[in-house]
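Okay, so here's the structure we're looking at.
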Amino acid sequence: MQVPPDRNHVPSVRPTRRNMLVAGAGLALAGPATAETLADIPDRAPGAPLSGHSERSSYVKLSRIPEAGPGMRHVDPADAINSKAPLQELVGTITPSDLHYERSHSGVPDIDPDVHRLLVHGQVERPLVLSLDDLKALPSITRTVFIECTGNGWENWKAADPTLTVQNTHGLVSNNEWTGVPLRILVDLVGRSSGSTWMLAEGGDGAGVARSIPLTDEIIDEAFVAYGQNGEPLRPAHGFPIRLVTPGLEGNLHIKWLRRLKFGDRPWMTRWETARYTQLQANGTARQFQLRMETNSVITSPSGTMKIKPGRNLIRGLAWSGHGRISRVEVSTDAATTWKECRLVGQALTKAQVRFELPWDWDGRPTKIVSRSTDDAGHIQPDRATLIAQTGTNALFHYNAQQTWSIDLSGEVHNVLD
Ligand SMILES: Nc1nc2c(c(=O)[nH]1)N[C@H]1C(S)=C(S)[C@@H](COP(=O)(O)O)O[C@H]1N2
Ligand SMILES: [Mo]
(Lines give C-alpha, C1' and ligand atoms only; values in the text may rest on other atoms or scores of the structure.)
(Ligands and ions follow the chains in the order given, each with its own letter.)
Protein backbone atom coordinates (compact mmCIF):
# COMPACT_ATOMS: atom_id res chain seq x y z
CA MET A 1 0.00 0.00 0.00
CA GLN A 2 1.24 3.46 -0.80
CA VAL A 3 1.59 5.73 2.26
CA PRO A 4 0.65 9.34 1.53
CA PRO A 5 3.53 11.69 2.35
CA ASP A 6 2.79 14.12 5.21
CA ARG A 7 3.03 17.84 4.88
CA ASN A 8 6.42 18.10 6.66
CA HIS A 9 7.99 15.95 4.04
CA VAL A 10 10.26 17.88 1.69
CA PRO A 11 9.54 16.71 -1.81
CA SER A 12 12.55 15.45 -3.69
CA VAL A 13 11.28 16.67 -7.03
CA ARG A 14 10.04 20.25 -7.09
CA PRO A 15 7.85 21.14 -10.05
CA THR A 16 9.48 23.84 -12.07
CA ARG A 17 7.27 24.20 -15.12
CA ARG A 18 3.76 25.53 -15.14
CA ASN A 19 1.18 25.25 -17.91
CA MET A 20 2.40 21.76 -18.73
CA LEU A 21 0.84 20.00 -21.64
CA VAL A 22 -0.29 16.65 -20.31
CA ALA A 23 0.66 14.26 -23.07
CA GLY A 24 -1.77 11.59 -24.16
CA ALA A 25 -4.92 13.25 -22.88
CA GLY A 26 -4.11 16.23 -25.11
CA LEU A 27 -5.29 18.61 -22.42
CA ALA A 28 -3.47 21.80 -21.48
CA LEU A 29 -3.59 22.15 -17.70
CA ALA A 30 -2.30 25.00 -15.60
CA GLY A 31 -0.26 23.64 -12.70
CA PRO A 32 2.80 21.61 -11.78
CA ALA A 33 3.44 18.32 -13.45
CA THR A 34 4.68 16.29 -10.51
CA ALA A 35 3.31 17.80 -7.30
CA GLU A 36 3.36 14.85 -4.94
CA THR A 37 3.14 15.98 -1.32
CA LEU A 38 0.65 17.72 0.90
CA ALA A 39 3.09 20.64 1.09
CA ASP A 40 1.97 21.47 -2.43
CA ILE A 41 -1.66 22.09 -1.46
CA PRO A 42 -3.22 24.47 1.10
CA ASP A 43 -3.58 23.25 4.67
CA ARG A 44 -6.84 22.04 6.16
CA ALA A 45 -9.01 24.75 7.74
CA PRO A 46 -11.24 24.94 10.84
CA GLY A 47 -14.95 25.36 10.14
CA ALA A 48 -17.70 27.87 10.82
CA PRO A 49 -20.72 26.71 12.87
CA LEU A 50 -23.44 24.74 11.14
CA SER A 51 -26.64 26.55 10.27
CA GLY A 52 -30.23 25.96 9.27
CA HIS A 53 -29.70 27.51 5.88
CA SER A 54 -26.55 27.61 3.76
CA GLU A 55 -25.25 30.48 1.69
CA ARG A 56 -22.96 30.58 -1.33
CA SER A 57 -19.24 30.79 -0.70
CA SER A 58 -18.10 34.34 0.00
CA TYR A 59 -15.75 33.87 -2.97
CA VAL A 60 -18.66 33.30 -5.35
CA LYS A 61 -20.50 36.36 -6.62
CA LEU A 62 -23.58 35.47 -8.65
CA SER A 63 -26.30 37.91 -9.45
CA ARG A 64 -29.09 38.58 -11.90
CA ILE A 65 -29.20 41.97 -13.66
CA PRO A 66 -32.41 43.98 -13.39
CA GLU A 67 -33.11 45.76 -16.68
CA ALA A 68 -35.82 48.13 -17.91
CA GLY A 69 -36.10 46.84 -21.49
CA PRO A 70 -34.03 46.50 -24.66
CA GLY A 71 -31.03 48.81 -24.45
CA MET A 72 -32.16 50.07 -21.02
CA ARG A 73 -29.60 48.47 -18.79
CA HIS A 74 -28.27 49.54 -15.41
CA VAL A 75 -31.52 50.76 -13.90
CA ASP A 76 -32.77 51.11 -10.38
CA PRO A 77 -34.31 47.68 -9.59
CA ALA A 78 -37.56 49.53 -8.80
CA ASP A 79 -37.81 50.50 -12.48
CA ALA A 80 -36.82 47.09 -13.82
CA ILE A 81 -39.23 44.99 -15.87
CA ASN A 82 -37.08 41.89 -15.88
CA SER A 83 -33.98 40.50 -14.23
CA LYS A 84 -31.58 38.39 -16.28
CA ALA A 85 -29.84 35.14 -15.30
CA PRO A 86 -25.99 35.09 -15.22
CA LEU A 87 -25.60 32.43 -17.93
CA GLN A 88 -21.84 33.06 -18.17
CA GLU A 89 -21.31 32.01 -14.53
CA LEU A 90 -23.48 28.89 -14.46
CA VAL A 91 -22.44 25.27 -14.95
CA GLY A 92 -24.57 22.23 -15.71
CA THR A 93 -28.13 22.90 -16.76
CA ILE A 94 -30.21 23.70 -13.66
CA THR A 95 -30.52 27.42 -12.97
CA PRO A 96 -30.38 27.97 -9.19
CA SER A 97 -33.85 29.15 -8.06
CA ASP A 98 -32.64 32.56 -6.87
CA LEU A 99 -30.94 33.15 -10.23
CA HIS A 100 -33.81 31.98 -12.48
CA TYR A 101 -34.53 34.98 -14.68
CA GLU A 102 -37.57 36.99 -13.63
CA ARG A 103 -40.21 38.86 -15.58
CA SER A 104 -42.95 40.35 -13.42
CA HIS A 105 -45.32 42.95 -14.83
CA SER A 106 -46.41 44.45 -11.52
CA GLY A 107 -43.99 43.23 -8.92
CA VAL A 108 -44.13 40.15 -6.73
CA PRO A 109 -47.30 39.71 -4.65
CA ASP A 110 -47.01 38.30 -1.13
CA ILE A 111 -49.57 35.48 -1.16
CA ASP A 112 -50.64 33.47 1.90
CA PRO A 113 -50.80 29.86 0.62
CA ASP A 114 -53.55 28.99 3.13
CA VAL A 115 -55.77 31.70 1.67
CA HIS A 116 -54.89 31.27 -2.01
CA ARG A 117 -57.39 29.41 -4.22
CA LEU A 118 -57.51 28.19 -7.83
CA LEU A 119 -60.85 28.50 -9.60
CA VAL A 120 -61.38 26.01 -12.45
CA HIS A 121 -64.55 26.82 -14.37
CA GLY A 122 -66.15 27.76 -17.71
CA GLN A 123 -67.41 25.07 -20.08
CA VAL A 124 -67.09 22.25 -17.56
CA GLU A 125 -69.48 19.88 -15.76
CA ARG A 126 -68.20 20.54 -12.24
CA PRO A 127 -66.55 23.92 -11.59
CA LEU A 128 -64.13 23.67 -8.68
CA VAL A 129 -62.25 25.85 -6.25
CA LEU A 130 -59.01 24.18 -5.18
CA SER A 131 -56.70 25.01 -2.28
CA LEU A 132 -52.97 24.34 -2.36
CA ASP A 133 -53.56 21.29 -0.16
CA ASP A 134 -56.18 20.01 -2.62
CA LEU A 135 -53.63 20.33 -5.44
CA LYS A 136 -50.90 18.64 -3.44
CA ALA A 137 -53.23 15.71 -2.74
CA LEU A 138 -53.51 15.00 -6.48
CA PRO A 139 -50.98 12.83 -8.38
CA SER A 140 -47.91 14.88 -9.30
CA ILE A 141 -45.30 15.03 -12.00
CA THR A 142 -41.74 16.36 -11.83
CA ARG A 143 -40.16 17.63 -14.98
CA THR A 144 -37.17 19.73 -16.01
CA VAL A 145 -38.01 22.37 -18.61
CA PHE A 146 -36.73 25.73 -19.72
CA ILE A 147 -38.85 28.85 -19.45
CA GLU A 148 -37.90 31.61 -21.87
CA CYS A 149 -39.31 35.10 -22.22
CA THR A 150 -40.53 35.91 -25.71
CA GLY A 151 -38.24 38.93 -25.49
CA ASN A 152 -35.06 36.91 -25.01
CA GLY A 153 -32.53 38.07 -27.60
CA TRP A 154 -34.39 41.32 -28.34
CA GLU A 155 -31.20 43.32 -27.71
CA ASN A 156 -29.87 42.10 -31.07
CA TRP A 157 -32.87 42.68 -33.39
CA LYS A 158 -31.68 46.06 -34.64
CA ALA A 159 -27.99 46.45 -33.83
CA ALA A 160 -25.31 44.78 -31.74
CA ASP A 161 -23.96 46.66 -28.75
CA PRO A 162 -20.38 45.31 -28.41
CA THR A 163 -20.39 45.86 -24.64
CA LEU A 164 -23.13 43.29 -23.98
CA THR A 165 -22.48 40.07 -22.08
CA VAL A 166 -24.38 36.83 -22.70
CA GLN A 167 -26.37 37.73 -19.58
CA ASN A 168 -27.58 40.87 -21.41
CA THR A 169 -28.23 39.15 -24.73
CA HIS A 170 -29.67 35.79 -23.58
CA GLY A 171 -30.38 36.02 -19.82
CA LEU A 172 -34.17 35.74 -20.20
CA VAL A 173 -34.11 31.93 -20.24
CA SER A 174 -33.65 29.50 -17.37
CA ASN A 175 -34.01 25.77 -16.75
CA ASN A 176 -35.58 24.35 -13.59
CA GLU A 177 -37.08 21.16 -12.24
CA TRP A 178 -40.76 21.87 -11.57
CA THR A 179 -43.28 19.72 -9.67
CA GLY A 180 -47.05 19.93 -9.87
CA VAL A 181 -50.38 18.56 -11.04
CA PRO A 182 -50.82 17.58 -14.70
CA LEU A 183 -53.42 19.68 -16.52
CA ARG A 184 -54.93 16.39 -17.78
CA ILE A 185 -55.93 15.53 -14.18
CA LEU A 186 -57.62 18.91 -13.62
CA VAL A 187 -59.39 18.68 -16.98
CA ASP A 188 -60.82 15.28 -16.04
CA LEU A 189 -61.69 16.42 -12.54
CA VAL A 190 -63.91 19.27 -13.73
CA GLY A 191 -65.24 17.38 -16.75
CA ARG A 192 -64.25 19.75 -19.53
CA SER A 193 -66.85 19.80 -22.28
CA SER A 194 -65.58 18.47 -25.60
CA GLY A 195 -66.39 21.82 -27.22
CA SER A 196 -64.02 23.77 -25.03
CA THR A 197 -60.89 24.08 -27.09
CA TRP A 198 -59.29 27.02 -25.28
CA MET A 199 -58.24 27.70 -21.70
CA LEU A 200 -57.76 31.06 -20.02
CA ALA A 201 -55.04 31.14 -17.36
CA GLU A 202 -55.09 34.19 -15.09
CA GLY A 203 -52.55 35.39 -12.53
CA GLY A 204 -53.27 36.81 -9.08
CA ASP A 205 -50.85 39.74 -9.32
CA GLY A 206 -51.88 43.36 -9.76
CA ALA A 207 -51.34 43.20 -13.53
CA GLY A 208 -53.54 40.09 -13.72
CA VAL A 209 -51.60 38.68 -16.63
CA ALA A 210 -54.03 36.36 -18.45
CA ARG A 211 -53.49 34.27 -21.57
CA SER A 212 -55.70 32.12 -23.79
CA ILE A 213 -54.08 28.76 -24.47
CA PRO A 214 -55.28 26.41 -27.22
CA LEU A 215 -56.09 22.98 -25.76
CA THR A 216 -54.15 20.81 -28.16
CA ASP A 217 -53.41 17.22 -27.09
CA GLU A 218 -49.80 18.24 -26.61
CA ILE A 219 -50.71 21.02 -24.20
CA ILE A 220 -53.25 18.96 -22.23
CA ASP A 221 -50.63 16.21 -21.92
CA GLU A 222 -47.72 18.44 -21.00
CA ALA A 223 -48.93 21.52 -19.12
CA PHE A 224 -49.08 21.39 -15.34
CA VAL A 225 -49.87 23.53 -12.32
CA ALA A 226 -46.56 23.69 -10.45
CA TYR A 227 -46.09 24.20 -6.70
CA GLY A 228 -42.49 22.94 -6.57
CA GLN A 229 -39.29 24.41 -7.98
CA ASN A 230 -35.93 22.64 -7.73
CA GLY A 231 -37.09 20.55 -4.77
CA GLU A 232 -38.79 23.26 -2.70
CA PRO A 233 -41.96 25.36 -2.85
CA LEU A 234 -41.96 27.94 -5.67
CA ARG A 235 -40.06 31.13 -4.95
CA PRO A 236 -42.41 34.16 -4.70
CA ALA A 237 -40.76 35.74 -7.76
CA HIS A 238 -41.69 32.66 -9.78
CA GLY A 239 -45.33 32.36 -8.74
CA PHE A 240 -45.65 31.16 -5.15
CA PRO A 241 -47.79 29.30 -4.31
CA ILE A 242 -48.69 28.04 -7.83
CA ARG A 243 -47.89 28.76 -11.46
CA LEU A 244 -48.80 27.24 -14.80
CA VAL A 245 -45.97 25.53 -16.70
CA THR A 246 -46.49 25.07 -20.44
CA PRO A 247 -43.32 23.29 -21.68
CA GLY A 248 -41.80 24.77 -24.83
CA LEU A 249 -44.19 27.72 -25.08
CA GLU A 250 -43.70 31.47 -24.54
CA GLY A 251 -42.64 32.41 -21.01
CA ASN A 252 -45.69 34.68 -20.87
CA LEU A 253 -48.00 31.63 -20.84
CA HIS A 254 -46.39 30.27 -17.68
CA ILE A 255 -48.84 32.24 -15.56
CA LYS A 256 -47.54 32.96 -12.06
CA TRP A 257 -49.62 33.30 -8.88
CA LEU A 258 -52.25 31.32 -10.82
CA ARG A 259 -55.80 32.00 -9.59
CA ARG A 260 -58.03 30.86 -12.43
CA LEU A 261 -58.33 28.38 -15.29
CA LYS A 262 -61.37 28.91 -17.46
CA PHE A 263 -62.45 26.65 -20.33
CA GLY A 264 -64.17 27.98 -23.45
CA ASP A 265 -64.51 27.61 -27.20
CA ARG A 266 -62.50 30.63 -28.32
CA PRO A 267 -59.62 32.81 -27.16
CA TRP A 268 -60.50 35.64 -24.75
CA MET A 269 -58.37 38.21 -26.60
CA THR A 270 -56.92 39.66 -23.42
CA ARG A 271 -54.64 42.66 -23.71
CA TRP A 272 -51.72 40.27 -23.18
CA GLU A 273 -52.41 38.68 -26.59
CA THR A 274 -53.66 41.71 -28.51
CA ALA A 275 -51.83 44.86 -27.42
CA ARG A 276 -48.89 42.92 -25.94
CA TYR A 277 -47.04 39.80 -26.99
CA THR A 278 -47.90 40.09 -30.63
CA GLN A 279 -45.20 40.11 -33.28
CA LEU A 280 -45.06 43.02 -35.71
CA GLN A 281 -44.38 41.72 -39.22
CA ALA A 282 -42.45 43.40 -42.04
CA ASN A 283 -45.74 44.53 -43.69
CA GLY A 284 -46.97 46.23 -40.50
CA THR A 285 -49.56 43.62 -39.50
CA ALA A 286 -49.16 41.84 -36.20
CA ARG A 287 -49.01 38.10 -35.70
CA GLN A 288 -50.93 36.76 -32.69
CA PHE A 289 -50.47 33.53 -30.72
CA GLN A 290 -46.92 32.79 -31.85
CA LEU A 291 -46.70 30.49 -28.87
CA ARG A 292 -43.75 28.18 -29.53
CA MET A 293 -40.23 29.09 -28.41
CA GLU A 294 -37.86 28.18 -31.20
CA THR A 295 -34.69 26.15 -31.49
CA ASN A 296 -31.91 28.16 -29.90
CA SER A 297 -28.37 28.01 -28.54
CA VAL A 298 -25.66 30.33 -27.31
CA ILE A 299 -21.98 30.04 -26.45
CA THR A 300 -21.73 31.11 -22.80
CA SER A 301 -17.92 30.87 -22.67
CA PRO A 302 -16.06 32.56 -24.19
CA SER A 303 -18.75 35.23 -24.54
CA GLY A 304 -19.20 39.00 -24.55
CA THR A 305 -16.57 41.02 -22.60
CA MET A 306 -14.50 37.96 -21.65
CA LYS A 307 -10.83 37.74 -22.62
CA ILE A 308 -9.17 34.57 -23.87
CA LYS A 309 -5.58 33.47 -24.45
CA PRO A 310 -4.12 31.73 -27.50
CA GLY A 311 -3.89 27.95 -27.13
CA ARG A 312 -6.42 25.49 -25.85
CA ASN A 313 -9.83 26.94 -24.91
CA LEU A 314 -12.99 25.06 -24.00
CA ILE A 315 -16.03 26.44 -25.76
CA ARG A 316 -19.18 25.82 -23.72
CA GLY A 317 -22.77 26.83 -24.08
CA LEU A 318 -26.45 26.03 -23.72
CA ALA A 319 -29.01 24.83 -26.28
CA TRP A 320 -32.78 24.42 -26.03
CA SER A 321 -35.89 24.07 -28.18
CA GLY A 322 -39.61 24.46 -27.58
CA HIS A 323 -40.20 21.84 -30.29
CA GLY A 324 -38.50 18.97 -28.46
CA ARG A 325 -35.07 17.57 -27.65
CA ILE A 326 -31.81 19.05 -28.88
CA SER A 327 -30.20 16.43 -31.10
CA ARG A 328 -27.14 18.31 -32.29
CA VAL A 329 -25.13 21.45 -31.62
CA GLU A 330 -22.43 22.65 -33.99
CA VAL A 331 -19.89 25.39 -33.44
CA SER A 332 -17.95 27.38 -36.00
CA THR A 333 -14.69 29.04 -34.99
CA ASP A 334 -14.16 30.63 -38.41
CA ALA A 335 -17.17 32.94 -38.75
CA ALA A 336 -19.70 30.31 -39.88
CA THR A 337 -17.49 28.97 -42.69
CA THR A 338 -16.92 25.46 -41.31
CA TRP A 339 -18.74 23.71 -38.45
CA LYS A 340 -17.80 21.07 -35.88
CA GLU A 341 -20.23 18.94 -33.91
CA CYS A 342 -20.03 19.50 -30.15
CA ARG A 343 -20.28 16.98 -27.34
CA LEU A 344 -23.60 17.25 -25.50
CA VAL A 345 -22.93 17.05 -21.76
CA GLY A 346 -25.35 14.80 -19.88
CA GLN A 347 -28.76 13.90 -21.17
CA ALA A 348 -30.69 16.12 -23.57
CA LEU A 349 -34.29 16.27 -22.31
CA THR A 350 -37.24 17.41 -24.35
CA LYS A 351 -38.01 21.14 -24.02
CA ALA A 352 -35.13 21.55 -21.59
CA GLN A 353 -31.69 23.09 -21.80
CA VAL A 354 -28.65 20.95 -22.56
CA ARG A 355 -25.01 21.98 -22.26
CA PHE A 356 -22.49 21.56 -25.05
CA GLU A 357 -18.69 21.64 -25.09
CA LEU A 358 -16.00 21.80 -27.75
CA PRO A 359 -12.23 22.06 -27.15
CA TRP A 360 -10.64 24.65 -29.44
CA ASP A 361 -7.06 25.75 -30.10
CA TRP A 362 -7.08 29.47 -30.77
CA ASP A 363 -4.19 30.54 -33.00
CA GLY A 364 -4.31 34.13 -31.75
CA ARG A 365 -5.77 35.59 -34.94
CA PRO A 366 -9.01 37.61 -34.85
CA THR A 367 -12.00 35.42 -35.62
CA LYS A 368 -15.69 34.88 -34.87
CA ILE A 369 -17.28 31.98 -33.01
CA VAL A 370 -20.92 30.98 -33.33
CA SER A 371 -23.17 28.03 -32.40
CA ARG A 372 -26.24 26.51 -34.02
CA SER A 373 -28.57 23.85 -32.67
CA THR A 374 -30.84 21.26 -34.28
CA ASP A 375 -33.76 19.59 -32.51
CA ASP A 376 -35.31 16.16 -32.94
CA ALA A 377 -38.18 17.70 -34.92
CA GLY A 378 -35.58 18.76 -37.52
CA HIS A 379 -35.57 22.51 -36.81
CA ILE A 380 -32.19 24.17 -37.31
CA GLN A 381 -31.44 27.44 -35.54
CA PRO A 382 -31.36 30.06 -38.32
CA ASP A 383 -28.58 32.51 -39.03
CA ARG A 384 -29.49 36.16 -38.69
CA ALA A 385 -29.98 36.79 -42.41
CA THR A 386 -32.47 33.92 -42.66
CA LEU A 387 -34.43 35.06 -39.59
CA ILE A 388 -34.57 38.66 -40.82
CA ALA A 389 -35.63 37.52 -44.30
CA GLN A 390 -38.53 35.61 -42.71
CA THR A 391 -39.58 38.15 -40.10
CA GLY A 392 -38.26 41.58 -41.01
CA THR A 393 -36.88 44.04 -38.47
CA ASN A 394 -40.15 45.41 -37.05
CA ALA A 395 -40.25 42.39 -34.78
CA LEU A 396 -39.33 42.55 -31.11
CA PHE A 397 -39.92 38.96 -29.96
CA HIS A 398 -38.79 35.42 -30.77
CA TYR A 399 -35.23 36.33 -31.78
CA ASN A 400 -33.47 32.98 -32.06
CA ALA A 401 -30.76 33.80 -34.59
CA GLN A 402 -27.33 32.23 -34.15
CA GLN A 403 -25.28 34.35 -31.74
CA THR A 404 -21.87 35.44 -33.01
CA TRP A 405 -19.05 36.51 -30.71
CA SER A 406 -16.05 38.22 -32.33
CA ILE A 407 -12.58 37.77 -30.87
CA ASP A 408 -9.99 40.48 -31.52
CA LEU A 409 -6.19 40.34 -31.57
CA SER A 410 -6.01 40.89 -27.80
CA GLY A 411 -8.43 38.03 -27.14
CA GLU A 412 -11.34 40.28 -26.18
CA VAL A 413 -14.76 38.87 -26.99
CA HIS A 414 -17.57 41.08 -28.28
CA ASN A 415 -21.23 40.84 -29.28
CA VAL A 416 -21.68 41.28 -33.05
CA LEU A 417 -24.62 40.65 -35.36
CA ASP A 418 -22.85 38.12 -37.60
N1 LIG B 1 -49.24 36.52 -13.20
C2 LIG B 1 -48.16 36.73 -13.96
N3 LIG B 1 -47.64 35.70 -14.66
C4 LIG B 1 -46.56 35.88 -15.43
C5 LIG B 1 -45.98 37.16 -15.57
C6 LIG B 1 -46.51 38.23 -14.80
O7 LIG B 1 -46.03 39.36 -14.84
N8 LIG B 1 -47.62 37.98 -14.03
N9 LIG B 1 -44.91 37.32 -16.44
C10 LIG B 1 -44.86 36.37 -17.54
C11 LIG B 1 -43.70 36.49 -18.37
S12 LIG B 1 -43.72 37.71 -19.55
C13 LIG B 1 -42.68 35.58 -18.31
S14 LIG B 1 -41.41 35.64 -19.42
C15 LIG B 1 -42.65 34.53 -17.26
C16 LIG B 1 -41.43 34.71 -16.41
O17 LIG B 1 -41.36 33.72 -15.42
P18 LIG B 1 -40.24 33.86 -14.30
O19 LIG B 1 -40.32 35.24 -13.72
O20 LIG B 1 -40.52 32.79 -13.30
O21 LIG B 1 -38.93 33.64 -15.00
O22 LIG B 1 -43.78 34.57 -16.40
C23 LIG B 1 -44.99 34.94 -17.03
N24 LIG B 1 -46.05 34.82 -16.09
MO1 LIG C 1 -41.88 37.34 -20.92
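In region 230-272, of all residues being crowded, with 22+ Cβ neighbours inside 10 Å and among the charged types (D, E, K, R), the one that is nearest to ligand 1 (Cβ to nearest atom) corresponds to LYS256. When region 112-134 is filtered for residues that are hydrophobic (A, V, I, L, M, F, W, C), surrounded by fewer than 19 Cβ atoms within 10 Å (Cβ to Cβ) and in contact (Cβ under 8 Å) with a residue 60 or more places away in the chain, the ones remaining, listed by number, are LEU119, LEU128.
Output yes when any residue across region 70-89 is acidic (Asp, Glu), modelled with pLDDT of 90 or more, within 30 Å of TRP154 (Cα to Cα) and out of contact with any strand residue (DSSP E or B) (no Cβ under 8 Å at 6 or more places or on another chain), and no when none is. Spell out how you get there, then give the answer.
Of region 70-89, the ones acidic (Asp, Glu) are 76, 79, 89.
Checking the rest, the ones that are also modelled with pLDDT of 90 or more come to 89.
Add one more test, that the residue is within 30 Å of TRP154 (Cα to Cα), and what stays is 89.
Next, only the ones that are out of contact with any strand residue (DSSP E or B) (no Cβ under 8 Å at 6 or more places or on another chain) stay: 89.
Checked against the condition, which is being acidic (Asp, Glu), modelled with pLDDT of 90 or more, within 30 Å of TRP154 (Cα to Cα) and out of contact with any strand residue (DSSP E or B) (no Cβ under 8 Å at 6 or more places or on another chain), region 70-89 yields at least one hit.
Note on region 220-285: enclosed strands (runs of 3 or more DSSP E) holding 3 or more residues that are more than 16 Å from ligand 2 (Cβ to nearest atom) and modelled with pLDDT of 95 or more are 224-229, 258-264. The numbered conditions (1) under 28 Å from LEU87 (Cα atoms); (2) open to solvent by less than 20 Å² (accessible area, probe 1.4 Å); (3) more than 16 Å from ligand 1 (Cβ to nearest atom); (4) not in a loop (DSSP other than H, G, I, E, B) are all true for LEU318 except (3).
Hey, does region 191-210 have a residue that's within 16 Å of ligand 2 (Cβ to nearest atom), among the charged types (D, E, K, R), surrounded by fewer than 20 Cβ atoms within 10 Å (Cβ to Cβ) and at negative phi? Scanning region 191-210, I find at least one residue that is within 16 Å of ligand 2 (Cβ to nearest atom), among the charged types (D, E, K, R), surrounded by fewer than 20 Cβ atoms within 10 Å (Cβ to Cβ) and at negative phi, so the answer is yes.
When PRO109, PRO96, PRO127 are checked against the criterion of being closer than 19 Å to ASN168 by Cα and more than 16 Å from ligand 2 (Cβ to nearest atom), a single residue qualifies: PRO96. In region 169-186, the residue that is farthest from GLY248 (Cα to Cα) out of those that are more than 16 Å from ligand 2 (Cβ to nearest atom) and either open to solvent by 10 Å² or more (accessible area, probe 1.4 Å) or among the hydroxyl-bearing types (Ser, Thr, Tyr) (or both) is ILE185. Do we have any residue at all in region 130-142 that's basic (Lys, Arg) and either more than 16 Å from ligand 2 (Cβ to nearest atom) or within 30 Å of LEU417 (Cβ to Cβ) (or both)? Checking region 130-142: at least one residue is basic (Lys, Arg) and either more than 16 Å from ligand 2 (Cβ to nearest atom) or within 30 Å of LEU417 (Cβ to Cβ) (or both).
On the stretch given as region 370-386, residues that are under 13 Å from TRP157 (Cα atoms) and within 21 Å of the chain's Cα centre (by Cα) total 2.
The values are calculated or read from the model by the stated rules, or taken from the named source; none is laboratory data. Just so it is clear, the structure is predicted and the values come from calculations on it, not from any experiment. Glycine gets a Cβ as well: all are built from the backbone with ideal geometry, and neighbour counts include every protein chain shown. Areas reflect the complete protein model, heavy atoms only, side chains present, ligands, DNA and RNA absent. Shrake-Rupley method; radii C 1.70, N 1.55, O 1.52, S 1.80 Å.
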